[in-house]
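Reviewing the structure listed below.
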Amino acid sequence: MQFIDLGAQRERISDKLDAAIAKVVREGKYILGPEVAEFEKRLGEYLGVEHVVACANGTDALQIPLMARGIGPGDAVFCPSFTFAATAEVVALVGAEPVFIDVDADTYNINVEQLEAAIKAVLAEGRLQPKAIIPVDLFGLAANYTSVSAIADKYGLFVIEDAAQSVGGKRDNAMCGAFGHVGATSFYPAKPLGCYGDGGAMFTNDGALADLLRSILFHGKGETQYDNVRVGMNSRLDTIQAAILIEKLVILEDEMEARQVVAKRYANGLKDVVKVAYMPEGSRSAWAQYAIETANRDALKAHLQANGIPSVIYYVKPLHLQEAYAHYMQAPGGLAVSETLPKNILCLPMHAYLSEADQDRIIGTIREFQQKNAA
C-alpha cells in the first residue's frame, strides 16, 4: 500500500506522458518552450483566473510576489505557524519578519480573529509595518478568504494565497488559487497536481502584477533577458515539466472526484472512533492529505505500520517553536492549537487510486485498535 500512489497515476497516462516528454526532447525547446504557455493557459481556464505565471518551484511562487510588492526590512507578514516552513521562509528571505498566527482547531487554517489581534499588536508596538497576509489552504482546504479579505481591506494588506496543497479544491464556487491578490502553488510530485521534479506557479487577475512577476522570475528582465530593469531571480518552469503537467491537468477533475469519495468513506467509517477531517459547507478540499486526530496517536501509528499501512505526521513541530523561527513575533494569546496538534494529528493514505479494499483495511485496522484501547 502506498501513502500517495504516483505509479498508478503514471500507469493511467503513461503513453501520453511518454509522447509529451519525447516531443519536448525532439524539438529541443527546453526552456520556455510552447508547452509552458499552453499549460499556463489551460490552468488559468481551469482555475478561472486571467493570468498564470509558471515558475521553478512553490517556494519561489511565494517569494516573487513579496519581491513584486517591495516587501522587506521593517515589514510584517502574517502567516500561520502550523504549516510547512516555506510559508515563513520566504518572508525572512526578503528581509521582512513573519508574525505567527494560530490555526482553527477544526479547519487547521489561519485563525482570523487572532489575525486581526496580531495586526493591532504590531501597529501598537510600532517596530514593524504590517504589509501582507499569507493564508495557507492546509491539506487542500481553502482558508476563510471572506474574513481574511475583509481584514486585509481594513488594514490595507496584500494577500498571497498559499495554495501549494489545494489546486483542485474550491470554496463558494471559486477555485483555490483564485483567492487574494495573488495565489501561489507548488507542483512538487506529491501534490494533487504535481510534476516529475520541482515546479510552481502564481495566479492573479492583475495584468500589471503578472508582468512584474514574469520580469522578476527571469532575472528582472525588461524587453529581453539582457535588458535588466530590476533585480530578479532565475525561476523558470522547465518545458518538460509543463508538458507533464498538461497531461496531468486533463485528469485532475476526475481525480478530485475520486478523492472526495475516499474522504467520505474515511469520515463515515471513522467519525465515531477518532476526530475526522472537517469539511465546511460550500467547500471542496483537494485532499492533499487526510488528517485524523486521536490522543493515542503514536500507538496508533505504530499499529498501522505493523499492519503495513503507511501514515505520516504533518507537522511534527509548528514553525514558532523551530530554531530558525523561534525569535519572530507571535500573535497575542499564544498558539495553543498549533502546539497541541503535533501530539494528536495523523495523516492517512490519500490519493485518487486508493482501492475500496485498501480503504476498508485502513478503516478496519483503526477501528479495531481504537475500540480495543478504549475498552
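The values are calculated or read from the model by the stated rules, or taken from the named source; none is laboratory data. These numbers were taken from a predicted model, which means no experiment stands behind them. All Cβ positions, glycine included, derive from the backbone under ideal geometry; neighbour counts span all protein chains shown. Remember, those area values only see protein heavy atoms, side chains included, never the ligands or the DNA or RNA. Shrake-Rupley method; radii C 1.70, N 1.55, O 1.52, S 1.80 Å.
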Selection count where residues are open to solvent by less than 20 Å² (accessible area, probe 1.4 Å) and either part of a loop (DSSP other than H, G, I, E, B) or of a type in the set (F, W, Y) (or both), scope the stretch 290-331: 6
Selection within the stretch 82-116 - within 14 Å of V148 (Cβ to Cβ), touching a residue at least 40 places away in the same chain (Cβ under 8 Å) and open to solvent by 10 Å² or more (accessible area, probe 1.4 Å): D104, T107, N111, Q114
Per-region count, the stretch 15-59, residues more than 28 Å from V90 (Cα to Cα) and aliphatic (A, V, I, L, M): 7
Whichever residue in the stretch 267-289 is small (G, A, S) and part of a loop (DSSP other than H, G, I, E, B) and, among such residues, is surrounded by the most Cβ atoms within 10 Å (Cβ to Cβ): S285
Residue match in the stretch 176-191 (condition: farther than 18 Å from D254 by Cα and among the charged types (D, E, K, R)): no
Residue match in the stretch 252-263 (condition: over 27 Å from V94 (Cα atoms), part of a helix (DSSP H, G or I), free of Cβ contacts under 8 Å to residues at least 60 places away in the same chain and among the β-branched types (V, I, T)): yes
Given (1) more than 17 Å from L348 (Cβ to Cβ); (2) surrounded by fewer than 19 Cβ atoms within 10 Å (Cβ to Cβ); (3) more than 18 Å from the chain's Cα centre (by Cα); (4) among the charged types (D, E, K, R), index of the condition K264 fails: (1)
Subset tally (residues that are within 17 Å of A352 (Cα to Cα) and open to solvent by less than 10 Å² (accessible area, probe 1.4 Å)) for the stretch 191-207: 4
Members of the stretch 207-228 that are closer than 17 Å to L32 by Cα and of a type in the set (S, T, N, Q): S215, T224, Q225
Matching residues, the stretch 157-190, being buried (at least 24 other Cβ atoms within 10 Å of the Cβ) and either under 9 Å from the mean Cα position of the chain (by Cα) or of a type in the set (K, R) (or both): E161, D162, A163, A164, Q165, S166, V167, A184, T185, S186
Enumeration of residues in the stretch 1-16 that are of a type outside the set (G, A, S) and either modelled with pLDDT of 95 or more or closer than 15 Å to G194 by Cα (or both): F3, I4, D5, L6, Q9, R10, E11, R12, I13, D15, K16
Matching residues, the stretch 156-166, being under 22 Å from E281 (Cβ atoms) and not in a loop (DSSP other than H, G, I, E, B): E161
Any hit, the stretch 210-218, residues being in a loop (DSSP other than H, G, I, E, B) and of a type in the set (S, T, N, Q): no
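Okay, residues lined up against (1) over 21 Å from the mean Cα position of the chain (by Cα); (2) farther than 11 Å from P332 by Cβ:
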{"residue": "L93", "(1), (2)": "no, yes"}
{"residue": "E97", "(1), (2)": "no, yes"}
{"residue": "T107", "(1), (2)": "no, yes"}
{"residue": "A117", "(1), (2)": "yes, no"}
{"residue": "K120", "(1), (2)": "yes, no"}
{"residue": "Q129", "(1), (2)": "yes, yes"}
Unmet requirement for Y30, which otherwise passes all of (1) under 23 Å from A152 (Cα atoms); (2) open to solvent by 60 Å² or more (accessible area, probe 1.4 Å); (3) of a type in the set (F, W, Y): (1)
Matching residues in the stretch 1-11 - criterion: being surrounded by fewer than 16 Cβ atoms within 10 Å (Cβ to Cβ) and either of a type in the set (V, I, T) or out of contact with any Asp or Glu (no Cβ under 6 Å at 6 or more places or on another chain) (or both): Q2, L6, G7, A8, R10, E11
